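Asker: I'd like to ask some things about the structure below.
The values are calculated or read from the model by the stated rules, or taken from the named source; none is laboratory data. Keep in mind the model is a prediction, meaning the values are calculated, not measured. Note that each Cβ is placed from the backbone with ideal geometry, even for glycine, and that neighbours are counted across all protein chains shown.
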Amino acid sequence: MHGRPREYKNKLKDPKAAEAYTKKAPAIKQGTTLVLECRRQHRYDQAALTASEKMLKVVPEIYTIWNYRREALQPIFAAGGEAAAAACAAELALTQACLQENPKSYSTWHHRKWVVAQGLADLAKELKLVGSALALDGRNFHAWNYRQFVVKLMGVHAEEELSYTSSLIAADFSNYSAWHYRTMLLPRLYNEDIATVSFDELMATASEQKQQQQASSTTAASDSAAADDSSQQAAAVALRATGCFTGTASQSRPIPLHVLEQEYEMVHQAFATDSADQSPWIYYRWLLGNSLAHLSQAQQQQQQQGGQQQQQGGEQQLEEARVVLGEVLAREVSRFAEHLAVDPDAKWPLLMTARLKEAQARLGLAEGLGLDSSDLQQQVQELYVRLQQLDPLRAGYYADAAAGKAFVVVQALGTV
Amino acid sequence: MATSGAVTPADLGPRSKLLVDKHAAYIASFSTVWEAADKLEHVATEHFWMSGMYWGLTAMELMGRLQDMDTDKVLDWVMSCYRPEDGGFGSSPRNDSHLLATLSALQILALLDALHRADAPAVTAYIAGLQQPDGAFAGDKWGEIDTRFSYAALLGCSILGTLDQLDVEAAVHFVTACKNFDGGFGCTPGNESHAGQVFTCIGALSLAGRLDAADQDLVGWWLCERQTCSGGLNGRPEKLQDVCYSWWCLSCLSILGRLHWIDQEALSRFILYCQDEEDGGISDRPDDMADVYHTFFGIAGLSLMGHAGLAAIDPTYALPVKTVQRLQQQQQQQQQCGQGMQEGGSSAPSTG
């Protein structure tokens, strides 16, 4: 559906190509019929499953056939033992084969997750596998999704994942996915409690529940049903382990100042290499948001404090926060001025400068710069007007920004 | 020739107008896709036939050519994909129920004014049953989680008029947990922003009356940065432009009232340039193979931009405005009937 050249039509006019092409259609149709007929007859024997494997390798998005395989697998996994381990290995091999052909198949990645959630897979191997997938395509969001699933189950520390993103970014500054992942990891590492649940803990909970149910059950049938049920429950919980690093919507505090400084350094290195890449520039906005959030945080703390003694401390902190922010904004403006000295029409440095000055104006920092607030506003407007000409596709956005109707940096804490 | 540069009027040549007749003929050839046993692209896409039908039918309606489709036959086929054992629809009669197929089925029924054929309580129960404790929705009983399913659930129930049967607050909570540093949204919490997911999340928030949960300027800016110098839009930074993002990005910008943040002329030229003037249909990029998916989204994008000769499309429902208005009128009438009965007075017979 995507990226197939139109001249493909001409290729099919060749009789041999057309023949091969038309043979595929009945093969897929009949293959599907065969598998679903087995299913209708409640056949889950090896021959039927092998037929389903063949189909999935050709059309991995036939979700009904994956459903059929899971029906076959459920009792096997529930029974445990060697058969379950073998089944796990077989599914991992099958999904790997499918992913090699189509690394973006939703159904395939989901099936692999479902299998791994049964608790029999070597998670370190899974991490390695997804690392390989990302080495092939660092923007494959299915692989990133799967990585977060595995990392959560393993209880990998945010610091390790942070190093991973650093190495990806060092290799390729335009890996937006790696920059994105950083925005998840940094708050987790520095501010939030790491709430990972390892798979062992999950399975321990599940087996406790199983024991409790067995103690109160009276028949073997309800025993196995209960076992089935709770192991499925644990698997269901594990399956839901979609990333221990929640979105920045729930980032409750800015990352520490010293960390911000390191990130500013990193992002400026990226700017120096290739200032056309969008990724570091969009990441930069988040850094700026964090810087501003330090001020908001200090303001909130000052407002919350009662009592004169505490108030003075709060005021001092607030003043410090303003000074620090003022310094950061001024420094960043001058760094971009250096860029613009070399290339005065560079869109990104211009846009960043406009936003920095907008922040300075709105936060009342103009005076500290020896500027009149309205002069600063004027500069901001001129920058946006210039951007309208330099980046005409987005003239409508710049017009709204110039009119003070589009704020992308100055936001309340909680939406850094 | 322009592949990555802007498309000039001179480049367009035979593609300078929307080739309605060509596209209508192209889509009509898929009118009964289940009967085409020999075409590989039909047979190999059975897992989304229901969505394919929805794309084709809606595109035809936008072009004013719905009468070229055998809608009676289509309706019977859609209902043959209904699975009473769970209340869902499959992508084809022999495929299992799935939330995405269920949404497409409901969209088709709404489009063809045949919602009365659906067992609304049963379908609602199917959808509601897929909601998880944290507010997310699974695609089916096998548990895949994705914000696409949040949108499908909220829209499906909105079409049926049963949104109150879902825990909308929890659904919103999950969607906002998927919000990222760039204002965009990913498929699950922690995952990278992608225009398709941004659409499903903005759409879901819109249906829930909670657009306040989006950082509208920020995501609007991220979306307008999807426009490349070709005039087309990409789905994420550093990726290639693709006609389908004419819908995913544009509908969001429309919902957010920021359609003017992109260059609509440039985008229109890009979409037109992606037409196949020989065999009809629209492709992802100029001179690639056309398909119904890109044909629909290209036409839908042009409709959002007010392209002459196309009916208006609702950006949230991804259905013609006429369809949505009719839906809302019908739901209002049903409510009034209900109220009349509650008050114990005579209720006007429904005129559906």
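Asker: I want to confirm something. Restricting to the range B:191-214 and keeping residues that are surrounded by 23 or more Cβ atoms within 10 Å (Cβ to Cβ) and facing chain A (nearest Cβ under 10 Å), which single residue is farthest from residue B:268 (Cα to Cα)?
Answerer: Looking at the filtered set, the residue picked out is B:191.
Asker: Let me ask you something else. Within the range B:128-149, which residues are polar (S, T, N, Q) and crowded, with 18+ Cβ neighbours inside 10 Å?
Answerer: B:131, B:147
Asker: Collect the residues in the range A:114-142 that are farther than 22 Å from residue A:58 by Cβ, assigned to a helix (DSSP H, G or I) and within 14 Å of chain B (Cβ to nearest Cβ), keeping them in residue-number order.
Answerer: Within the range A:114-142, A:116, A:130, A:134, A:141 meet the criteria.
Asker: Can we say residue B:125 is within 14 Å of chain A (Cβ to nearest Cβ) and surrounded by fewer than 24 Cβ atoms within 10 Å (Cβ to Cβ)?
Answerer: Criteria not met by residue B:125.
Asker: Something else: Might you check whether a residue that is touching a Pro at 6+ places or on another chain (Cβ under 9 Å), away from chain B (no Cβ under 11 Å) and within 22 Å of residue B:223 (Cα to Cα) occurs anywhere in the range A:297-307?
Answerer: Scanning the range A:297-307 turns up no residue that is touching a Pro at 6+ places or on another chain (Cβ under 9 Å), away from chain B (no Cβ under 11 Å) and within 22 Å of residue B:223 (Cα to Cα).
Asker: Something else: May I ask you to say which residue of B:143, B:135 is over 19 Å from the mean Cα position of the chain (by Cα) and at the interface with chain A (Cβ under 9 Å from one of its Cβ atoms)?
Answerer: Answer to the check: B:143.
Asker: Tell me which residues, restricted to the range B:302-320, are surrounded by fewer than 18 Cβ atoms within 10 Å (Cβ to Cβ), closer than 13 Å to residue B:58 by Cβ and touching a residue at least 24 places away in the same chain (Cβ under 8 Å).
Answerer: B:311, the sole residue that qualifies.
Asker: It is to be established whether one or more residues within the range B:152-159 are within 12 Å of chain A (Cβ to nearest Cβ) and of a type in the set (A, V, I, L, M, F, W, C).
Answerer: no
Asker: Same structure again: Looking at this structure, is residue B:10 among the small types (Gly, Ala, Ser) and either modelled with pLDDT of 95 or more or in a helix (DSSP H, G or I) (or both)?
Answerer: Yes: the conditions hold for residue B:10.
Asker: Out of the range A:399-416, which residues are at pLDDT 50 or above, in contact with a Phe, Trp or Tyr (Cβ under 9 Å, 6 or more places away or on another chain) and under 16 Å from residue B:181 (Cβ atoms)?
Answerer: A:408
Asker: Please find, among B:114, B:105, B:118, the residue that is more than 14 Å from chain A (Cβ to nearest Cβ), small (Gly, Ala, Ser), closer than 27 Å to residue B:299 by Cβ and within 14 Å of the chain's Cα centre (by Cα).
Answerer: After applying the criteria, what remains is B:105.
Asker: While we're here: Answer yes or no as to whether residue A:146 is among the aromatic types (Phe, Trp, Tyr), within 14 Å of chain B (Cβ to nearest Cβ) and under 22 Å from residue B:234 (Cβ atoms).
Answerer: No, not satisfied.
Asker: Let me ask another. Considering only the range A:1-104, give the helices (runs of 4 or more DSSP H) lying wholly within it that have at least 2 residues that are farther than 19 Å from residue A:115 by Cβ, within 10 Å of chain B (Cβ to nearest Cβ) and of a type in the set (S, T, N, Q).
Answerer: A:15-40
Asker: Kindly establish whether residue A:391 is acidic (Asp, Glu) and modelled with pLDDT of 90 or more.
Answerer: Criteria met by residue A:391.
Asker: Here's another thing I want to ask about it. Given the options B:38, B:70, B:11, name the one that is in contact (Cβ under 8 Å) with a residue 12 or more places away in the chain and surrounded by fewer than 16 Cβ atoms within 10 Å (Cβ to Cβ).
Answerer: B:70
Asker: Quick one: in the range A:241-277, which of the residues that are in contact with a Leu (Cβ under 9 Å, 6 or more places away or on another chain) and of a type in the set (D, E, K, R) is modelled with the lowest pLDDT?
Answerer: My answer is A:253.
Asker: Quick check on my filter: what residues within the range A:25-48 are crowded, with 21+ Cβ neighbours inside 10 Å and aliphatic (A, V, I, L, M)?
Answerer: Matches in the range A:25-48: A:35 only.
Asker: Before we move on, is residue B:101 of a type in the set (A, V, I, L, M, F, W, C), at pLDDT 95 or above, over 23 Å from residue B:160 (Cβ atoms) and buried (at least 21 other Cβ atoms within 10 Å of the Cβ)?
Answerer: So residue B:101 fails the test.
Asker: Cβ-Cβ under 7 Å, sequence separation 6+ or interchain: first residue in the range A:350-369 and within 15 Å of residue A:288 (Cα to Cα), partner of a type in the set (S, T, N, Q). Which pairs?
Answerer: Every condition considered, the pairs that remain are A:357/A:379; A:361/A:373; A:361/A:377.
Asker: Quick one: in the range B:80-127, which of the residues that are assigned to a helix (DSSP H, G or I) and in contact with a Lys or Arg (Cβ under 9 Å, 6 or more places away or on another chain) is farthest from residue B:52 (Cα to Cα)?
Answerer: Residue satisfying both the conditions and the ranking: B:126.
Asker: To continue, here is another question. State whether one or more residues within the range B:294-306 are of a type in the set (Val, Ile, Thr), at pLDDT 95 or above and touching a Cys at 6+ places or on another chain (Cβ under 7 Å).
Answerer: No, because not a single residue in the range B:294-306 is of a type in the set (Val, Ile, Thr), at pLDDT 95 or above and touching a Cys at 6+ places or on another chain (Cβ under 7 Å).
Asker: Consider the range A:338-353. How many of its residues are part of a helix (DSSP H, G or I) and under 19 Å from residue A:277 (Cα atoms)?
Answerer: Total meeting the criteria: 11.
Conditions tested, residue by residue: (1) surrounded by fewer than 24 Cβ atoms within 10 Å (Cβ to Cβ); (2) within 11 Å of another protein chain (Cβ to nearest Cβ); (3) touching a Cys at 6+ places or on another chain (Cβ under 9 Å).
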residue	(1), (2), (3)
B:181	no, yes, no
B:217	yes, yes, no
B:238	yes, yes, no
B:247	no, no, no
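Asker: Here is a follow-up. Mind listing just one residue for me: the one in the range B:265-297 that is within 7 Å of chain A (Cβ to nearest Cβ) and of a type in the set (A, V, I, L, M) and, of those, nearest to the chain's Cα centre (by Cα)?
Answerer: Top of the filtered list is B:289.
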